[in-house]
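Have a look at the structure below, then the notes.
Values quoted throughout were computed directly from the atomic coordinates according to the rules given, and no laboratory measurement underlies them. Bear in mind the structure is a predicted one, so any value in this text is a computation, not a measurement. We place every Cβ from the backbone using ideal geometry, glycine too, and count neighbours over all the protein chains shown.
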Amino acid sequence: MTTTHDLWIDNQDTKPETGKYFDVLNPLDDSLYCKAAEAGEADINKAVEAANACFQSYGQSLAKDREAMLCKAADLLERDRADFVDILIDEIGSPMNKAQFEVEYSISYLRAAAGAARRITGQTIPSDTPGRLSMSVRKPLGVVACITPFNVPLIKAAKLVSTPLATGNTVVLLSSEEAPSLSYRFAQLISEAGFPAGALNVVSGFGMDVGDFLTSHPLVKVVEFTGSSRVGRHISELCGKQMKRCILELGGKNPLVILADADINQAVQTAIFGMFLYQGQACMASSRIIVEAAVYDEFVEKYSAAARQLSMGDLREMSTILGPIISPRQRERVRSHIENARELGATVVTGGEWEGNRCQPTILTNVSKDMTLCYEETFGPVTAIYSVADIDEALAMANDTIYGLSAAVCTTNINSALMLAQNINAGMVHINAPTLHDEPNVPFGGTGESGFGREGVEVDIDTLTEWKWITIQLPGADHGH
C-alpha cells in the first residue's frame, strides 16, 4: 500500500486545500515511492500564520528549553537512524554510505545548534554620557522560510531548521518535490522533541508554483534557500525588494588542483570521494580537476582505473558508491553534457554509458571552453581533467568560473598550498582533502554565483537575530547636556 503524506502544520497532519497529491518516484527504477500533498497559496498562508502565531510565545522562550529540545531531537534522530537511512535510500537513491553520513552529520548539527541557544549574547558598551548604562541585546526575527534541495534533504532540514529554532524563531519548510517524505518525517521528530505547535511547519509541492508566495509573504522575515543559482538569483531579487534577509547556498563548478609534488595516490582518492559521492549530485563536487603537466598522465591513468572499480551495486551495501540520477529531467541534463562534449571532440577516458538510471563514473579529457560542461554544473558523476604548465596557470584556471563555492589543493609544499588557498576565489578551500566537506560550526558558503551569506551555527546567529541598543539613564547623574 502506497504511503500518502499530508502537510504538517501546527504539529498535525493537514490535508491540502488544493485537494491535490503528486507522485514521488524511487529514482532507482521510477516505481511509486509515496504520494505527497501539493500545497497551494492558501496552504502556504496557513503554515506561515501558524508559525507567526507560535512565534508570539516561542520568541520569548528560555534558552535552556530550546537547548533541551534540540538535544532531544538529536537523541531521537539517533534512535530512528534506520528509518531515516531507509528514506534516504528509497526516496532519493542515496547509497548506504552517503545515507549513513547524512544522518550522522544531522545529529551533530542538532547538537551544535543546541549550543547556539546560549550564544545569543549582547554587550555592555561604554557611553559618552555620564551616568548612562548602554547595552545591546539580540532579538529573534520571526518566521523563517526554508527551501531545501533533494540531494541532502536531511542535512539541509537539520541545518536550516535547527539554528532558527535555537535562536527563538519559527520555521516554514518547503521541501524539494523529490524528497517530501524525508522533511515530513523530520517534522514529526521535531514535534516529538517537544517543540510547540507551529514551531516547524512543512509544506510540500512545487517551488515554481508556490515558492514566490512563500518567500514574498509579509510575515516571513528571513529566507534560507539551497538550490540552483538561477532560482537563487530570483529569490535574491524578491527579498531585496522587501528588504528581507536571505541566505543562498547555490551551485558550484569546483576546482581540485593537483600539483606535481602531490602524493598522487592520495590525490586519486581525494578526487574519487570529492567527485563521485552520491553520484556527483553535490554542489561541492570536484567537477574540474586541474593537474600540473608533469604528473598529468600518471594521474589520469590512476584516477580512471580507480573510477572503473567503483561499485554500482545494491544501494544498501556499504561498498556501493554510485546510485541513480534523481529524475528524468536531470538524467537528460547529464546525458546532454556528455554528448555535447563528445561531439565537440572531448575524449571519454572512462564511463559515459548508463546502467538503468545510473550513469557510469565518467572522466573526460581534451575539454575545451566551447563545451557545455566546461562551465556549467552537470550535477552528475561527470568530471573533466585539465593539464596546466605550472601553479600560476592552475590558479588562473581555478578562477575561470562564475562560481566560487569550494576548492581543493593537493600538494606537499605548504607555501604553494597557502598561496592557492589565499588566492582561489571560493568560500572554502581544503588542502590535501576533497572539495566535498562540511561541519556544523564553520561558515559554509560561497562567492559569486555560488551564493550569498553563510550557513553554520555560529554565523547563523547574526542573520537570525536583530540587534537592539538599550540605554538607561541612572537617577541623579549629570546628563552632560
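Odds and ends about this structure:
- Centre-to-centre separation between the Cα atoms of segment 121-138 and those of segment 259-333: 54 Å.
- Between Arg118 and Gln473, the FRET efficiency estimated from the beta carbon spacing at R0 = 25 angstrom works out to 0.25.
- Trypsin sites (Lys or Arg not before Pro) within segment 312-390, DSSP loop, no more than 13 other Cβ atoms inside 10 Å: Arg316, Lys369
- Part-to-part distance (alpha-carbon centres) for segment 406-473 and segment 147-214, which is given in Å: 24
- Counted by Cβ distance under 12 Å from Gln242, the other residues give a net charge of +2, where Lys and Arg count +1 and Asp and Glu count -1.
- Additional length obtainable on full extension of the chain from Ala82 to Glu353, 0.36 nm per residue less Cα span: 94.3 nm
- Residues of segment 35-66 falling in the label zone of Lys15, defined by backbone nitrogen less than 16 Å from a point 7 Å along Cα to beta-carbon, are 36-40, 43.
- Three-way shape call for the chain based on the alpha-carbon gyration tensor, with the a/c threshold at 1.5: oblate
- The aspartates and glutamates within cross-link reach of Lys35, meaning a Cα-to-Cα straight distance under 15 Å and a gap of 8 or more places when in the same chain, are Asp6, Asp13, Asp23, Asp90, Glu91, Glu177, Glu178.
- Net charge of Cβ neighbours under 12 Å - reference Met397; Lys, Arg +1; Asp, Glu -1: -2
- Spatially proximal lysines relative to Lys468 (Cα-Cα < 29 Å; intrachain offsets below 8 disregarded): Lys64, Lys139, Lys159, Lys221, Lys241, Lys244
- Looking at segment 291-332, the GluC sites (Glu not before Pro) that sit in a DSSP loop and have at most 14 other Cβ atoms within 10 Å of their own Cβ are Glu317.
- Gyration tensor verdict on segment 255-431 (Cα atoms; rounded if a/c is under 1.5, prolate if a/b is larger than b/c, oblate otherwise): prolate
- Solitary cysteines of the chain, where the nearest other Cys Cβ is not under 4.7 Å: Cys34, Cys54, Cys71, Cys146, Cys283, Cys359, Cys374, Cys410
- Rounded to the nearest 20 debye, dipole of segment 255-431 from Cβ charges on Lys, Arg, Asp, Glu: 620
- The GluC sites (Glu not before Pro) of segment 341-401 that meet both conditions, a loop assignment by DSSP and at most 14 other Cβ atoms within 10 Å of the site Cβ, are Glu353.
- Segment 136-239, dipole about Cα centre (Lys/Arg Cβ +1, Asp/Glu Cβ -1), debye to the nearest 20: 380
- The charge dipole of the chain, taken about its Cα centre with unit charges on the Cβ of Lys, Arg, Asp and Glu (plus for the first two, minus for the last two), comes to roughly 1200 debye.
- FRET E, pair Thr2, His234, Förster distance 30 Å, beta-carbon r, rounded to 0.05: 0.35
- Within segment 84-120, backbone nitrogen closer than 16 Å to the virtual label 7 Å beyond the Cα of Arg329 toward Cβ: none
- Cα gyration tensor shape of segment 402-465, rounded if a/c is under 1.5, else prolate or oblate by comparing a/b with b/c: prolate
- Each Lys or Arg adds one and each Asp or Glu takes one away; over the other residues whose Cβ falls under 10 Å from the Cβ of Gln360, this sums to 0.
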